[in-house]
Structures are given as structure tokens and as C-alpha cells.
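Below: the structure, in C-alpha cells.
The values are calculated or read from the model by the stated rules, or taken from the named source; none is laboratory data. If you're wondering where the values come from, they're calculated on a predicted model, not measured in any experiment. Using ideal geometry, Cβ is built from the backbone for each residue, glycine included, and neighbour counts are taken over all protein chains shown.
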């Protein structure tokens, strides 16, 4: 079936890229849970902010898995989600605070607002974006002005 008739979501390259992002995200989640839940004897700051950086890398991976966008756009969306979640910690209601006291609530939403978490998120997002650039799925080359898509031969 020609590529222009097949929806982009069903194209083999798209599915392969999504699978790579999802697998990388699962690895990041595993490392993050190990860091936070297994007593490794690491300093508390490494556990706390390393976990926050890995949480942000997980968000990058989930956004990249779900959105077939350019890396820069993935980074912006993931950053906006991370900042929104951190700012959401300033909202307190009884049911939300009760959820935050659970393990799932602490891992997903956190408990208290901290500007240092935003720094850790920035580090995690930067590391994820760099890893994506170096070892992530290949992107199709950009078209240059004057070159039609496909053959690379310049036409006047």
C-alpha cells in the first residue's frame, strides 16, 4: 500500500520508533523505582533528586511515545507537563492530600512543592533529549529549499 494512503500511525517506522521510546521509558521507570524504593546506600539527595530527574525523563519518554513530533516539541510538552505537576503540588484538598500520602500519589504527584525539583526535572529532560538525539530512533532528513521530497535532485 503506498505511504500516502496509509495513516502515519500505521507506518512501520512510526511503530518502531514508538516501541523504542516505550521500551526506553520502561527502563527509566525501572531505574527510578529501584533508586527510590531499594535501599542502595546512596545519599538522600541523590535518591530524591535523581528520582525527580528520572521522573522527568519518564515524562519525556511518554510524550515521545504518544506524539509523533520533533524532539524540540517533545521537550517543550514534557517540560510543560513537569512544571504543571510541580505547580499542582501547591493545590491542597483533603482527597488530593490523602492520595499524595499513598505510594502511587508520592511517585506520580509528589508531596510538596520544591524549586529544586524543577532543577532536577530540567536535568532529567535535558538528559533524555540528549539520549534521544544520540541513540533514539532515526528521524527522516529535513528537506532543503529547492529539493523536492524523495530523490535529492535539485530542480530549477
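Annotations for the structure displayed:
- Residue among 89, 111, 100, 73 that is modelled with pLDDT under 95 and closer than 17 Å to residue 21 by Cα: 73
Residues are listed down the side, and each one gets a yes or a no for (1) in contact (Cβ under 8 Å) with a residue 12 or more places away in the chain; (2) surrounded by fewer than 13 Cβ atoms within 10 Å (Cβ to Cβ):
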{"position": "20", "(1), (2)": "yes, no"}
{"position": "31", "(1), (2)": "yes, no"}
{"position": "37", "(1), (2)": "no, yes"}
{"position": "55", "(1), (2)": "yes, no"}
{"position": "61", "(1), (2)": "yes, no"}
{"position": "64", "(1), (2)": "yes, no"}
{"position": "68", "(1), (2)": "yes, no"}
{"position": "71", "(1), (2)": "yes, no"}
{"position": "76", "(1), (2)": "no, no"}
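- Residue that is nearest to the chain's Cα centre (by Cα) [pool: residues in region 1-18 that are more than 14 Å from residue 66 (Cβ to Cβ), at pLDDT 65 or above and surrounded by 11 or more Cβ atoms within 10 Å (Cβ to Cβ)]: 16
- Residues satisfying the stated conditions in region 114-156, i.e. surrounded by 11 or more Cβ atoms within 10 Å (Cβ to Cβ), out of contact with any helix residue (DSSP H, G or I) (no Cβ under 9 Å at 6 or more places or on another chain) and modelled with pLDDT under 90: 143, 147
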